[in-house]
Amino acid sequence: MGFANIVEGNPDVCMCDQNGYPNTVAPLGTALTPYHIEILRKYCPTAILYSTVTRLVTMHHSNQSDSCTTPGWAEAIITMPEGHDPDSYIREGNDFGAMFADAMPTAPTLPKNFPD
């Protein structure tokens, strides 16, 4: 596939795989660290990060966003609709693939005015 979908947990990975997105991985409840990214980069050249707004704010304040937006690797961040993760979004019959059109291209860091 050439890229990885990075989600938050095992149910998300399973649901994505069962619905035609076998290139999905998750850190399984831990922070996505530079070490995770280093390993993943050995297997795929790019990635798309799926996250909730709350998770993105947490990443922004802990400086994790820097490791996720390494230039030339993470292509986009897709913010899940309020109250959803990939698992619940797909279970409700939504078109997961259509979310690619709404992807926010990554920048070297999240904007300084990112919500607190």
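The values are calculated or read from the model by the stated rules, or taken from the named source; none is laboratory data. For clarity, every value in this text was computed on a predicted model and none was experimentally measured. All Cβ positions, even for glycine, are placed from backbone atoms using ideal geometry, and neighbour counts span all protein chains on display.
Table for the structure above
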{"item": "Scan of the stretch 1-32 for residues that are in contact (Cβ under 8 Å) with a residue 24 or more places away in the chain, polar (S, T, N, Q) and either touching a Lys or Arg at 6+ places or on another chain (Cβ under 6 Å) or over 17 Å from A76 (Cα atoms) (or both), ordered by number", "result": "N19"}
{"item": "Scan of the stretch 25-54 for residues that are at pLDDT 85 or above and within 10 Å of E8 (Cα to Cα), ordered by number", "result": "V25, A26"}
{"item": "Residue that is farthest from T79 (Cα to Cα) [pool: residues in the stretch 34-47 that are within 13 Å of the chain's Cα centre (by Cα) and outside any helix (DSSP H, G or I)]", "result": "T46"}
{"item": "Among the residues listed as Y21, Y50, the single one being assigned to a loop (DSSP other than H, G, I, E, B), under 21 Å from A101 (Cβ atoms) and of a type in the set (F, W, Y)", "result": "Y21"}
{"item": "Candidate set from the stretch 57-88 (those that are farther than 13 Å from A31 by Cβ, outside any strand (DSSP E or B) and in contact with a strand residue (DSSP E or B) (Cβ under 9 Å, 6 or more places away or on another chain)); member that is modelled with the lowest pLDDT", "result": "T69"}
